[in-house]
Every structure is written in structure tokens, then in C-alpha cells.
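The structure appears right after this line, and notes come after that.
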Amino acid sequence: MDWKPDRNSKIPIYKQLALYIENGIADGTFPPDKPLPSERSLAKDIGVNRSTVIAAYDELESLGLIERNQGSGTTVSKDIWGMAKKRIPSWSRYIEAGSFLPNLPVTQRIHKEMAEQKLINLASGELSQDLFPLSALREITSNRSFIGTLGYDHPLGNAILRQTIANHVQQYRGFETSSATILVTSGAQQALHLVVQCLLKPGDAVAIENPSYHYNLPVFQSAGIKTYYLKVDKDGINPNEIAELYKKHRIKMIFLNPIFQNPTGTLLSLERRKKILELSSEFGIPVVEDDPYSLTSFSNEKIQTLKSLDQHGNVLYISSLTKIVASGLRIGWIIGPKAVIERLADAKQQIDFGHASYSQWTANDFLESKQFESHMRDLVKELKLRRDQMAESLHTYLKDVVDFYLPEGGIHLWCRINKEFNEIQLLEESIKRGVIYVPGTTMGTEKGFARFTFARENEENIREGIKRFADALASL
Ligand SMILES: Cc1ncc(COP(=O)(O)O)c(C=O)c1O
């Protein structure tokens, strides 16, 4: 217990302690179904006589707040406030009962470490601050009068932004669409969530890449969806495996991140992209194309999205500004048949009544601005330098210990570690040395991998981060 008595206070120590525990019971620090510390250990912990703790517990017992049971110790009463018979909820049971599953414990641990301490961050899948187009965004926000409605906007998202997105996808992602078939979402993540919640039902089977984007996995599990894996090799997934999964499990949907895939950085070959669309038409099952990275090609090659090759309307296309502008804007979108988009918009209304107007306006003005093109040129150049630095550092510090494909775009590098190691121990040793990354089994079924993101740190930190990781690995 962190609490200590105030020895200068006029309130007796046993009363201070009783009050502290009473408040803790009210705010859930001491839940009703968990034992309180024994009198002896609590006395030692807070540096008082055991008789002081006994007096505090006596008082709490007389108030009906705690129960002392022979043998099982002292617990918070399930039936507190005595006479009034008002019960406090067992929050721990509620937390465990929800149908919406939590993230994997390792993922939670990584989030906590990133929030609490300054680490070299090779884990977070986003750009560093200095890669955001800050001066352009500053100019936009200071020049714009931001007039317009501040009420709830159109259920599909701001009409002007949707038209701008329609122009953007035509220019950069190779397909035509109209603003009526676009839903603005809170990042690509919300679009994926809406698809799973609205278009599938518990027990349905879907195909996903292995390894794949890990924040998706609990979303499928929470919705009771069965996931079957498509192994990713250096050219992406193998379409023949889709046919097998369809025959065996009647999969209802295929989720792909075909261009500079997270985490492998691979590009699904054009031949495979075409074959997948053929299979999708043959079986009548949609493909969800999650495409946050296609504009980051290091060779500046314009890559054909699945959607741009889709002639029959089989693809639901998802993207966002997270990996190319700024993650905190939370601007994403999904494009598909009007009826589907309206169904998803109806659900989004139930969840949040639409996206915040300010970031929609900011996104709109930036996408329309002249600076967008020059920003993308600078961004891609810098990402390539960082990728090269990461590859060089891996060669320098982990030569013969790691294998990886050199990604031609995106922000991640997927590394096989050719050494036996305990994944959690390696993560802990790395955190101790001030570097964090994503352990492979949070993203796929095969052991022995790690994902390093090269967009979140500058070249110097990337080098230092890989060096520290190599130290951690050597220490095992
Ligand atoms: C493949 C993929 N899809 C979706 C997302 C979610 O991104 P956001 O919701 O920020 O657009 C990410 C983020 O890491 C990703 O890598």
C-alpha cells in the first residue's frame, strides 16, 4: 500500500487509516471480492502498531464495510452500508464479463511502457512528430475561418471532405468513386471494426494474413468470428490458399493489407492481386483491402490497389491519413457499395454521431493544398533513409543472427531471429535497456520474429535502438 499516515494530523492514525480504506472501497481500489491485507502485514507496510490496524478494522466492521472471517481473513463486505443494504458492484467481475475483449497482455504491456517512460520506440506504428506536415497544418488552422456548421455533420462524414477523398483516390489510388460511397471514419481501425460488426455474424469464418496487423485480432474474437490464416511470403499471400479455405470453411470475407503489409512490409504481386479478384468473383465473397501504406513506395512507383483492379465491385477499400499525414487526426475512410456504406454509417451514428468537424476540415484543406505533394515527396525520402539505417544497423549489430526482407515501402521491418530465445524475456531485457519493439507472436503464429518500425524514430535513435536490442538478445 502506498498510503502513509499523517503523523502531524489531529485525527488519530486509526481513523485516518479507516477513512483511507473507506474511500478506497467507494472508488473501487479495494473491490468487494478481494481480501484486505492482514493486520500484521498492513501494520508493517505503513509503519504502525498492529493495534492501530485492529482499531481501524473494528471501525470499518462496525460500519458494515468489511467482514472478518475466521480462517479466510478480512474482506470488503459485499453488502456494505449495513442497514441500508446497498451493495457496491463487483467491478472486477464486470471487467471480465464484457463481450468486447481486451488487447493481448503483451500489447497492453507495450502501450503502458510507451506511455510511462521514455524509450526508443520501434513499436508504435506511426510517424514521428518531425514527419508530420506541421507548418502546413499550422498555416491551415490559422488561416481557416472554420466557419460552417458545428452541429452534427452528415452521417457519412463532411460532404466537402468526402468529395476531396473521391478526388484523392482517383489521383493517387487509381479508381473512381463518388462521395455517396465514402464513409469518413476514425482511422482505418474504426472502418475495420464497423465491417466486422455490421457485415458478419458470430460463427462466420474469414481469412486473414499470417502474420497480420495485430489490433485487428481482438476485434474478430470479440465478434465471435473464426479466423483462418493465409501465410504471407515475400510476394504476399498465396491465392490458392483462399480457394482451400473457401472449400473447407466457407469463408465469408478476405481481409488483406496487400501493399507494404504490416508487419512484413511485403507487396502482394500483381499476378496474385489479379488472381485474388478472380477468386473473389468466383466464390462471391468480398475482399476488404486495408491500404494505409500504398503512397509510401520508395521507388515512387504507383502501385495498383486491388480496388483499382476490381471490375465488379467486390472490394471494400479502407485507408487513412495515419501513416502519411498524422495519426492524431484520426481520419480514415471506407469506400464500397452505397448500401454497405449506409449500413456502416448507421452503426457509426450509434457509436459516435460522426467524426469531429475540426479534423475533417483540417484533413480536407491539407489534401487539397499544394503542400500535400511536396510533403509526400519529403516523407517518402525520409522513410527510405530510416529504412536504410535500420537495415544497416541490423547488419552491423546482428549480422548472421537475423533475416529480413527489405521493405520497398511502408514503415515496418519484420525480422526473423535465428536464435532460440524466450520472447517475453527478450522484451523485458530490451525495455530495461530503453528500447521497445513488437514481439512477433502478437502478430502471427510463428515464433522467432520481431517487428521494428522505422518511422517513429530518427536515424540516430534507430541505430541506438537496434544496438540496445542486440545487447538484450546477447544477454539472454
Ligand atoms: C494495416 C493497418 N490497418 C489499420 C491500421 C489502423 O490505423 P489507423 O486507425 O490509425 O488509420 C494500421 C495501424 O497500424 C495498420 O497498420
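The values are calculated or read from the model by the stated rules, or taken from the named source; none is laboratory data. This is a predicted model, so every value here is computed, not measured. Cβ atoms come from the backbone with ideal geometry, glycine included; neighbour counts cover every protein chain shown.
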Among the candidates Ser145, Ser124, residue that is among the polar types (S, T, N, Q), assigned to a loop (DSSP other than H, G, I, E, B) and at pLDDT 90 or above: Ser124
Flag for Leu277 being hydrophobic (A, V, I, L, M, F, W, C), within 28 Å of Asp388 (Cα to Cα) and away from the ligand (no atom under 16 Å from the Cβ): no
Yes/no for His111 being free of Cβ contacts under 8 Å to residues at least 24 places away in the same chain and assigned to a helix (DSSP H, G or I): yes
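Condition check ((1) among the hydrophobic types (A, V, I, L, M, F, W, C); (2) surrounded by fewer than 24 Cβ atoms within 10 Å (Cβ to Cβ); (3) more than 10 Å from the ligand (Cβ to nearest atom)) across all residues:
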| residue | (1), (2), (3) |
| --- | --- |
| Glu301 | no, yes, yes |
| Asp310 | no, yes, yes |
| Gly313 | no, yes, yes |
| Val325 | yes, no, yes |
| Leu329 | yes, yes, no |
Residue list for the range 177-192, restricted to those being closer than 25 Å to Glu446 by Cα and surrounded by fewer than 23 Cβ atoms within 10 Å (Cβ to Cβ): Gln189
Among residues of the range 188-215, those that are among the charged types (D, E, K, R) and either in contact with a His (Cβ under 7 Å, 6 or more places away or on another chain) or within 11 Å of the ligand (Cβ to nearest atom) (or both), counted: 1
Test for Val325: is it at pLDDT 95 or above and assigned by TED's automatic domain parsing to the domain that holds His412: no
Residues being over 26 Å from Gly440 (Cα atoms) and either in a strand (DSSP E or B) or in contact with a helix residue (DSSP H, G or I) (Cβ under 8 Å, 6 or more places away or on another chain) (or both) - total across the range 223-252: 2
The range 114-133, residues that are within 13 Å of the ligand (Cβ to nearest atom), more than 23 Å from Ala470 (Cα to Cα) and in contact with a Phe, Trp or Tyr (Cβ under 9 Å, 6 or more places away or on another chain): none
Every pair of residues 6+ apart whose Cβ atoms lie under 6 Å, when the first sits in the range 329-341 and is assigned by TED's automatic domain parsing to the domain that holds Gln197 while the second is more than 16 Å from the ligand (Cβ to nearest atom) and among the hydrophobic types (A, V, I, L, M, F, W, C): Lys338/Ala180
Residue ID - surrounded by the fewest Cβ atoms within 10 Å (Cβ to Cβ), chosen from residues in the range 281-296 that are in a loop (DSSP other than H, G, I, E, B) and away from the ligand (no atom under 16 Å from the Cβ): Gly284
Exclusive hit being away from the ligand (no atom under 16 Å from the Cβ) and touching a Gly at 6+ places or on another chain (Cβ under 8 Å), set Ser357, Ser319: Ser357
Number of the exception - Glu301 against (1) part of a helix (DSSP H, G or I); (2) over 26 Å from Ala205 (Cα atoms); (3) more than 28 Å from the chain's Cα centre (by Cα): (1)
Number of the exception - Arg343 against (1) within 16 Å of the ligand (Cβ to nearest atom); (2) in contact with a Cys (Cβ under 7 Å, 6 or more places away or on another chain): (1)
Any pair with Cβ under 6 angstrom, 6 or more apart, that starts in the range 209-231 at a residue that is within 22 Å of Phe452 (Cα to Cα) and ends at one that is among the hydroxyl-bearing types (Ser, Thr, Tyr) and part of a helix (DSSP H, G or I): His214/Thr442
